[in-house]
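Scroll down for the structure; my scribbles are underneath it.
The values are calculated or read from the model by the stated rules, or taken from the named source; none is laboratory data. Here the structure is a predicted model, which means the values were calculated and not measured. As a convention, Cβ positions derive from the backbone with ideal geometry for all residues, glycine included, and neighbour counts pool all protein chains shown.
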Amino acid sequence: MAKQRTEVADIDRSLYDFKDSEEGFERLAEGLTPEIVTEISRRKDEPDWMLEFRLKSLEIYNSFPDPTWGPSIAGLDMDHIATYVKPNTDQSATWEDVPDDIKNTFERLGIPEAERSYLAGVGAQYDSELVYHNMQDTASKMGIVYSGIEEALHEPRWEALIREKFMTLIPPTDHKFAALHGAVWSGGSFVYVPAGTKLDFPLQSYFRLNAKGAGQFEHTLIIVEDDADLHFIEGCSAPKYNVANLHAGAVELFVGKRAHLRYSTIENWSKNMYNLNTKRARVEEDGEIEWISGSFGSHVGYLYPMSVLTGRRARSSFTGITFAGAGQNLDTGTKVVMAAPDTRATVETKGISKGGGIQTFRSSIVVTPAAEGAQATVSCQSLMLDDESRSDTIPAMDVRAKNVDIGHEATIGRIGDDKVFYLMSRGISEEEARAMIVNGFANPVAKELPLEYAVEMNNLIKLEMEGAIG
Amino acid sequence: MDALTIRNASAMPAPTWGWLKMNNAEVAIPAGLAPAGAVDVDAPQELFDNARPFEVAVAEMQERVDAARGEAADDRACLRAAKTGGTHADADGDLGDLDVPALSRYQERACREEAEGDIARAFETGMGHDARSYLNFLAGEPVALGTTEGERARAVVRVEGEERAAAAVALDVVAAPDSELDLVIELDGTDDFGDADAAALIGSELRVFAGARSRVNVTVYVCALPATVVLDDEGYVLDEGARLTVRHVVLGGGTTYTGLAADLRADGARADIDTSYLATGTESRDFAYTVRHRGRKTVSNILANGVLAGTSKKVLRGTIDLVHGCKGSEGTERETVLIASEGVDNKTVPTILCDEDDVAGNHGATIGHVRPDQLFYMRSRGVSPEAAEALFLTAKLEDAALTAPTEGARAAVARLAERIAPDFDIDEADEEEAA
Amino acid sequence: MPTTPLLSVTGLTAAVDEKEILHNIDLTVAPGETHVLMGPNGAGKSTLGHVIMGDPVYTQTAGTITFDGEDVTELSPDKRSRAGLFLSFQAPVEIPGVPLSSFLRATLAARPDRALKGKEFRRRVKELCAELDMDPSYLNRELGVGFSGGEKKKVEMLQLLLLQPKLAILDETDSGLDVDALSVVSRGMDLYRKTCDGSLIIITHNTRILEHVDVDRVHVMVQGRMVREDNASLIPWIDENGFESFEQGAEDAADADGQASGAGALDGIDAGDLSAVVER
């Protein structure tokens, strides 16, 4: 009798793997020069300070070495990356005005449908520019602003605020790809939630990178004022090519006193993507940031949403899942800086690696001398689905305050044979048993996701069990 | 001798963000140290007589390992990636086979070492190559010790510091199959030290080959003075079923470095590392532990328990590496730190690297302080907060004295206690145990 | 009745997280007396013990605590302890890393008059272990770590006898659940009364622990208020009738918008066949 062997299949990414024609698009030359950077700024008709900022960032980019601690980015040749690709349309506030092929793409991704059913507002970016941005009247009547960041930059009312905050949490000197972002950023959303305002339905921005060999560098800036509340959802995907695509976005979140922001992301880039994204939140007194983060796509991923807790009793929680399949090296995790008394942080992550994929959980918890009474717990579990894959856990802690409680727990292992046997002894097939266990493993994260994304994740971790081998 | 800095000492195998300044240590060797000080090796004559070169023992094991190695080529994606140097774009920007992952540097090194299977080349010590070279230079010809098959023996090594002097010992140990060796290393500044505030350096470089089913028990006591630099560098290779038990008791010394790397090369090898540390004043402690599980059903436990007082600093880099092929292995790492005062800097990075599915890796760290309910309990019995803090310190000393393997180690703890907790009578505690 | 009380608590009010949980408590204990503090679960009995000892979890917002002629209201717990107060914990904490013997030595070292050196200390501790039927090997174990409930109680009684306080507050709220612990506490109390001639406040809601004790006064607390004080005859009455009648009284007091005085609290009590005796 043939020995039965079951496999958990790779994520089925065909759902996202469709390409549109680039006909009629404006694509700037590949590579990275002051001329290209100046040209991007000129087309956007930006204030002078922004052009200066871009050129300064480019200098910083050129002076920084590649990171030596993470996955190799040798395959990323900036001379082959088009940093700016403008779709053949301007931004619309109705889907009818979006060109058909682009609209169809977002239809297939389910964005307009989600907008109709439960979102308070949607922004959709295609390559380097936003093609759609709209928010319900109820939200705008509350004084909430949700627009393209470039659009906001052209409004005197917001320009000063943007100039005050832009790339202050993530300065170009932070790392090489923050500098790159500063030089060539394009598109992204601006959200302003006035003090005391609570939005019951989420806002969502979706980033689609269609152009082969292009980079996407959107900038998301969210300001949640004191006592305000917001749930923001971010989705990303791209079709697969055989050349490197680059995503180096930046997300800067300012959470005021007693304010609350939940930031949910599913990154589902294609396997040729280098995802070198940076996300950071600053939280003031009694405020709270909640990160929900799913990382599935990319050839190489570096992603560590960071919380800087500057106000007394500020809180952060990070819930993340990373699934690395064949050919992927996903280095993900989180950073927390606790810089005020009685701050709280929790981190809970799940990692799955399969088919030769590599997933690394990397974290840092830094407790400054000012953070007396800080408490943090980190829990990290990794599941190995076969013996060809790899899973590393590199959690760093630097504690300099008294009266703190910092706990860290991590485990790595595979699906226990005893668990499979137990389920099988109750009449469940091996395939079902394994699927059940993997689903159970991912569930604490899945249940935190918005419904649509939870369903998407279930599709993503679609467990196709295969038949007999040998 | 001139001042010297050993860069990239005690480095983590898998580094993380540079801004955390935890990836490695820079060892500053004070200027003007004369090579002097006392090194005593107290062991039965047979241990010297039966010594065999460490390299020979490793080479013999290599032959056995190679003979047992299967011919089947391993075609895993990560090995292919290491062979081709990872993902690169060709002239057209084409990335080639996207099912081959891009590796980080340490992952590439891990794949290369796995493909080579060369024990000698993969040999490492916790503090790394440069620190090892320095210690070997300082110590001169290594002292070689060897046990006899089936026998048990004990050796005590003392390195005593002296003001403005550097002293070190280099030890090569080969434990014969089925033998047992107890090795005690005392790194210490005695009453004859001279000016206690003067710079000094003491160190030990240890290489151990633990033969099949042997048991090697190493205890290192570090009770040096607050201006002394201490380097303790250890590297182990374990053959089938060998069992290594290490106790590091680091209680005194201005800047101390403790490095340990263990290669659990063969099936059933086991390493238990138990570390107890204390730092007071402006002292700093640096620990770098790497355990590589290569054989099947290998086991490791790294347990560290420390108290940090004053404005002391500590870094613990612990890495459990579950190398491909170490099926059925289990690695555990656990640290408990008590921060007893303000101004302490405590860094910990408990890493697990895992390239195998049929394994279990666990780590945990608890960093805490005297909790309010504990403090209230102690205060309700008349113990002031200052006395409570001192109690944690003296409890460490007391435990170290009670479990000291030699009279010399016990005396060293007593001297240290006299210096940092003068009110505490360690002899009393000791008698109590005896009574 | 002696003219100078050993412990005198007047108008004590305490809060936790800005919520008031003890209201205007009065309590007086004379030297050598044994008092019992009773009341239903959650009445604030343990809290009162902790506040008298100075537990920083609670904020004392009004009132004074005078002990042995000294106002200790502002004193830290260790100073109160050295003044001769003792509180046995219902649930003693665990202190990893600190052996019991080291801890005991530290408790004595804080009181110059009671400091025992080397051999004396060991002999005394060994004696106490024997009297409490406690395995001396516990002395080398970390305080409380892995101890059973009964063992933890023995350690508390050991400290009581070693420190010989003038007043011991024994918080035995949950001891009734554990027969072992109960007998340990009984033995500890006996020895304490015999050797120290100190005062006792026994906090309990279970009267079994009191079977072999000569009780001088009984206090009843409900909902953070002292609602009744009487002689030992109150104990069998409570055994029979429980605390319900007192609870109504406390509710009425609470309804009186926090104005409740001790007398107000009594107004609603159905005293039954007992005459209410309240000492001010």
Lone unmet requirement of (1) facing chain B (nearest Cβ under 9 Å); (2) touching a helix residue (DSSP H, G or I) at 6+ places or on another chain (Cβ under 8 Å) for C:Val184:
(1)
Flagged pairs (Cβ under 6 angstrom, 6 or more apart or on separate chains; first in region A:287-308, on the phi > 0 side of the Ramachandran plot; second of a type outside the set (Lys, Arg)) are A:Ser298/A:Trp269; A:Ser298/A:Met273; A:Ser298/A:Asn275
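Okay, residues lined up against (1) touching a Lys or Arg at 6+ places or on another chain (Cβ under 7 Å); (2) among the polar types (S, T, N, Q); (3) more than 19 Å from B:Ala34 (Cα to Cα); (4) surrounded by fewer than 19 Cβ atoms within 10 Å (Cβ to Cβ):
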site	(1), (2), (3), (4)
B:Tyr134	no, no, no, no
B:Phe137	no, no, no, yes
B:Glu141	no, no, no, yes
B:Gly146	yes, no, yes, no
B:Gly150	no, no, yes, yes
B:Val157	no, no, yes, no
B:Gly161	no, no, no, no
B:Ala166	no, no, no, no
Among the residues that make up region A:143-150, is at least one of them closer than 23 Å to A:Leu28 by Cβ, in contact (Cβ under 8 Å) with a residue 24 or more places away in the chain and assigned to a helix (DSSP H, G or I)?
yes
In the set B:Gly364, B:Gly331, the lone residue that is of a type in the set (Gly, Ala, Ser), part of a strand (DSSP E or B), buried (at least 22 other Cβ atoms within 10 Å of the Cβ) and under 20 Å from the mean Cα position of the chain (by Cα) is B:Gly331
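Which ones in region A:256-309 are over 12 Å from the mean Cα position of the chain (by Cα) and within 25 Å of A:Asn443 (Cβ to Cβ)? Walk me through how you get there before you give the answer.
Pass one, region A:256-309, residues over 12 Å from the mean Cα position of the chain (by Cα): A:256-262, A:270-274, A:281-290, A:299-300, A:307-309.
Correct list: A:His260, A:Leu261, A:Arg262, A:Glu288, A:Ile289, A:Glu290, A:Ser307.
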Could you look through region A:52-72, keep only residues that are facing chain B (nearest Cβ under 7 Å) and touching a residue at least 24 places away in the same chain (Cβ under 8 Å), and pick out the one that is nearest to B:Gly85 (Cα to Cα)?
A:Ser72
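Please verify whether region A:176-191 includes one or more residues that are in a strand (DSSP E or B), under 23 Å from A:Tyr132 (Cβ atoms) and within 14 Å of chain B (Cβ to nearest Cβ). If you could, list the steps in order and put the result at the bottom.
So the first thing to find is which residues in region A:176-191 are in a strand (DSSP E or B), and the list is A:189-191.
Next cut, under 23 Å from A:Tyr132 (Cβ atoms) only: A:189-191.
Next, only the ones that are within 14 Å of chain B (Cβ to nearest Cβ) stay: none.
No, because not a single residue in region A:176-191 is in a strand (DSSP E or B), under 23 Å from A:Tyr132 (Cβ atoms) and within 14 Å of chain B (Cβ to nearest Cβ).
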Test result for B:Glu356, outside any helix (DSSP H, G or I), of a type outside the set (S, T, N, Q) and either surrounded by 19 or more Cβ atoms within 10 Å (Cβ to Cβ) or more than 7 Å from every other protein chain (Cβ to nearest Cβ) (or both):
yes
Note: among A:Tyr241, A:Tyr304, just one is among the aromatic types (Phe, Trp, Tyr) and at pLDDT 95 or above, namely A:Tyr304
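Just checking, which of B:Val41, B:Val58 is among the aliphatic types (A, V, I, L, M) and not in a helix (DSSP H, G or I)?
Values: B:Val58 fails: not in a helix (DSSP H, G or I).
Going through B:Val41, B:Val58 in turn, just one is among the aliphatic types (A, V, I, L, M) and not in a helix (DSSP H, G or I): B:Val41.
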Would you be able to tell me the number of residues in region A:293-310 that are assigned to a loop (DSSP other than H, G, I, E, B) and within 14 Å of A:Arg280 (Cα to Cα)?
3
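If you check B:Asp172, B:Asp197, B:Asp188, B:Asp192, which single one turns out to be surrounded by 24 or more Cβ atoms within 10 Å (Cβ to Cβ) and in contact (Cβ under 8 Å) with a residue 12 or more places away in the chain?
On the way: B:Asp172 fails: surrounded by 24 or more Cβ atoms within 10 Å (Cβ to Cβ); B:Asp197 fails: surrounded by 24 or more Cβ atoms within 10 Å (Cβ to Cβ); B:Asp192 fails: surrounded by 24 or more Cβ atoms within 10 Å (Cβ to Cβ).
Only one candidate passes the filter, namely B:Asp188.
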Search result, residues across region B:390-412 that are under 21 Å from C:Leu104 (Cβ atoms) and crowded, with 19+ Cβ neighbours inside 10 Å
B:Ala390, B:Leu391, B:Phe392, B:Leu393, B:Thr394, B:Ala395, B:Lys396, B:Leu397, B:Glu398, B:Asp399, B:Ala400, B:Ala401
Filter region B:341-353 down to residues that are touching a residue at least 40 places away in the same chain (Cβ under 8 Å) and surrounded by fewer than 24 Cβ atoms within 10 Å (Cβ to Cβ) and give me whichever is farthest from the other protein chains (Cβ to nearest Cβ).
B:Ser341
Could you run through region B:102-158 and say how many residues are within 30 Å of B:Gly32 (Cα to Cα) and either touching a residue at least 12 places away in the same chain (Cβ under 8 Å) or within 19 Å of the chain's Cα centre (by Cα) (or both)?
23
If we keep just the residues of region C:106-164 that are among the polar types (S, T, N, Q) and within 10 Å of chain B (Cβ to nearest Cβ), which is farthest from C:Gly84 (Cα to Cα)?
C:Asn140
Starting from region B:376-387, take each residue that is within 15 Å of C:Leu163 (Cα to Cα) and facing another protein chain (nearest Cβ under 7 Å) and list its partners that are outside any helix (DSSP H, G or I) and among the hydroxyl-bearing types (Ser, Thr, Tyr), counting only C-beta distances under 8 angstrom and pairs at least six apart or across chains.
B:Arg379/C:Ser76
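Looking only at region B:88-111, filter to residues that are among the small types (Gly, Ala, Ser) and outside any helix (DSSP H, G or I); which one of those is surrounded by the fewest Cβ atoms within 10 Å (Cβ to Cβ)?
Start the filter on region B:88-111 by keeping residues that are among the small types (Gly, Ala, Ser), which leaves B:89, B:91, B:93, B:96, B:102, B:104, B:110.
From the residues that got through so far, the ones that are outside any helix (DSSP H, G or I) too are B:89, B:91, B:93, B:96, B:102, B:104.
Working: B:Ala89: 19, B:Ala91: 7, B:Gly93: 19, B:Gly96: 13, B:Ala102: 27, B:Ser104: 25.
Here the answer is B:Ala91.
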Kindly check whether there is at least one residue in region B:400-414 that is within 14 Å of chain C (Cβ to nearest Cβ) and either part of a strand (DSSP E or B) or β-branched (Val, Ile, Thr) (or both).
yes
Can you find a residue in region B:19-27 that is in contact (Cβ under 8 Å) with a residue 24 or more places away in the chain and more than 14 Å from chain A (Cβ to nearest Cβ)?
yes
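Under 23 Å from B:Leu353 (Cβ atoms) and out of contact with any helix residue (DSSP H, G or I) (no Cβ under 8 Å at 6 or more places or on another chain), is that true of A:Ser379? Reasoning before the result, please.
Details: under 23 Å from B:Leu353 (Cβ atoms): yes; out of contact with any helix residue (DSSP H, G or I) (no Cβ under 8 Å at 6 or more places or on another chain): yes.
When the stated conditions are applied, A:Ser379 passes them.
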Just give me the residues in region B:57-87 being buried (at least 16 other Cβ atoms within 10 Å of the Cβ), within 10 Å of another protein chain (Cβ to nearest Cβ) and on the phi < 0 side of the Ramachandran plot, in sequence order.
B:Arg76, B:Ala77, B:Cys78, B:Leu79, B:Arg80, B:Ala81, B:Thr87
The number of residues in region C:98-132 that are under 23 Å from C:Ala181 (Cβ atoms) and touching a residue at least 40 places away in the same chain (Cβ under 8 Å) is 8
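Yes/no per residue for (1) in contact (Cβ under 8 Å) with a residue 12 or more places away in the chain; (2) crowded, with 24+ Cβ neighbours inside 10 Å; (3) polar (S, T, N, Q); (4) part of a loop (DSSP other than H, G, I, E, B):
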residue	(1), (2), (3), (4)
A:Arg312	yes, no, no, yes
A:Ser317	yes, no, yes, no
A:Gly320	yes, yes, no, no
A:Thr332	yes, yes, yes, no
A:Val337	yes, no, no, no
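Could you tell me which of the residues A:Ala401, A:Ala376 is assigned to a loop (DSSP other than H, G, I, E, B), of a type outside the set (S, T, N, Q) and within 13 Å of chain B (Cβ to nearest Cβ)?
Details: A:Ala376 fails: assigned to a loop (DSSP other than H, G, I, E, B).
Of A:Ala401, A:Ala376, the one residue that is assigned to a loop (DSSP other than H, G, I, E, B), of a type outside the set (S, T, N, Q) and within 13 Å of chain B (Cβ to nearest Cβ) is A:Ala401.
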Among residues belonging to region A:348-376 that are under 30 Å from B:Gly343 (Cα atoms) and touching a helix residue (DSSP H, G or I) at 6+ places or on another chain (Cβ under 8 Å), point out the one that is surrounded by the most Cβ atoms within 10 Å (Cβ to Cβ).
A:Ser364
